[in-house]
Amino acid sequence: MNLSTNYMGLMLRNPLVASASPLSQTVDGVRRLADAGVGAVVLYSLFEEQLRREAAENARLVDAGTESFAESLSYFPTSAEDEAGPRHYLSLLERAATAVDLPVIASLNGVTPGGWASYARAMQDAGAAAIELNIYYLPGNPHTSGRDVEQRHLDVLARVKDAVGVPVAVKLSPYFSSTGEIALRLDEAGADALVLFNRFLQPDIDPEKLAVVPQVGLSSPAEARLPRTWIALLHGRVRASLAATTGVETAADVAKYLLAGADVVMTASALLRHGPEHAAVLIDGLEEWMARKGFAALDEVRGMLAVPPGTDETDYERAGYVGAMRQANSGLYGPW
Ligand SMILES: Cc1cc2nc3c(=O)[nH]c(=O)nc-3n(C[C@H](O)[C@H](O)[C@H](O)COP(=O)(O)O)c2cc1C
């Protein structure tokens with residue numbers, strides 16, 4: 001079955017994309033994902049803090065009277081921390097992009113517009129087929145306005161779009177007052193894809209140790225409902241490609257995102273849980289489901305259950321909510 005997919009202008013052999021995770025921290029890891037059959041790989045994110053640290057270190061070396069920047073590079077310590085830094089990232093990207101025959105997408109994680117542009121260009125030069133902007137910004141300061149948060153996203157996108165010719169995707173959080181509006185504004189500002197959604201680190205509390213426990217937990221399929229709702233609402237309403245991320249565990253989860261209108265479906269937790277080879281299970285399962293349901297092509301599936309064009313979206317969502325609540329309140333969960 002032909003599963004080829006256009007994702008922000010990149011031609012993928014199928015719509016399953018390995019999203020940013022530790023699985024893409026080595027060339028071997030990227031190769032394993034490719035061998036398992038994914039359509040594209042997003043590398044783990046390079047963090048703005050790492051860029052700043054390297055810039056500060058370069059400045060320190062220049063101040064110290066190092067004769068040339070090229071020479072100064074040899075002064076860098078080869079600590080583990082440095083290994084994870086920007087130059088290591090670019091080197092991995094370059095090697096990964098030549099090692100596999102599918103698009104390798106680089107990911108930048110930051111919160112301020114400065115500094116992104118030059119690294120985005122360096123990523124492009126190192127062979128990135130596209131850049132994914134993982135704008136992980138949690139406005140912890142309660143004086144920060146919603147408009148400021150949105151503007152930050154638009155500023156980062158504008159800087160990076162100016163700097164590169166490859167497609168640029170924006171990975172969003174689900175926490176906007178009007179997710180649809182920021183999606184439309186990013187679309188108008190030239191985002192080539194919207195990736196819905198990132199998962200924020202939500203630290204836990206250990207009541208025995210009386211300590212905050214920061215951890216990135218793996219997702220569960222129920223978490224796919226929120227991004228799927230927004231994919232269904234945005235399908236056909238933006239020019240940008242739509243990438244779904246969160247909660248893909250089985251082929252049925254992939255099918256559900258496609259039915260909602262996703263162009264590509266990303267997965268990280270399931271591949272971390274079961275190994276990269278699980279990608280083949282997802283793709284085979286998708287083909288088996290399509291054949292069983294009588295679908296000959298992905299175009300027949302994609303967006304079949306999106307919110308129909310011309311619908312009043314607010315009324316549509318409200319009707320679904322009211323219907324579900326009526327059902328729930330009429331004894332669905334009883335008797336108690
Ligand atoms: C251990 C781990 C590391 C991750 N690292 C990154 C990262 O570097 N950059 C990024 O944009 N997302 C990162 N993510 C988020 C995933 O790419 C993905 O968007 C999210 O986990 C939801 O998808 P899933 O339910 O398939 O895991 C990470 C997720 C996990 C579990």
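Values in this text are rule-based calculations from the coordinates and carry no lab data. Note that the structure is predicted; figures quoted are calculated from it, not measured. Cβ atoms come from the backbone with ideal geometry, glycine included; neighbour counts cover every protein chain shown.
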The chain: angle of helix 86-99 to the longest principal axis, Cα-based, in degrees nearest 10: 60 degrees
Please give the calculated 222 nm ellipticity per residue for the chain, where each DSSP H segment of at least 4 residues contributes -39500 (n - 2.57) and the sum is spread over every residue; nearest 500 deg cm²/dmol? -13000 deg cm²/dmol
Förster radius 30 Å - calculated FRET efficiency between H88 and V212 (Cβ-Cβ, nearest 0.05): 0.50
Where does the charge balance sit around N2 when Lys and Arg score +1, Asp and Glu -1, over other residues with C-beta under 11 Å from its C-beta? -1
Label-point separation in nm, R53 to S220, each point 7 Å along Cα→Cβ: 3.4 nm
For the chain, give the share of DSSP beta bridges that are antiparallel, in percent and rounded to the nearest 5; count only bridges with both residues there. 15 percent
Tell me, what is the percent relative contact order of the chain, built from C-alpha pairs under 8 Å that lie six or more residues apart? 17 percent
What is the extension gain from T314 to W336, computed as 0.36 nm multiplied by their sequence separation minus the C-alpha to C-alpha distance, in nm to one decimal? 4.6 nm
Tell me the relative contact order for the stretch 139-245 as a rounded percent, counting alpha carbon contacts under 8 Å between residues six or more apart. 27 percent
Please work out the FRET efficiency for the pair N6 and R31, using the Cβ-Cβ distance as r and a Förster radius of 25 Å; give the result to the nearest 0.05. 0.55
Label-point separation in nm, R13 to E181, each point 7 Å along Cα→Cβ: 4.4 nm
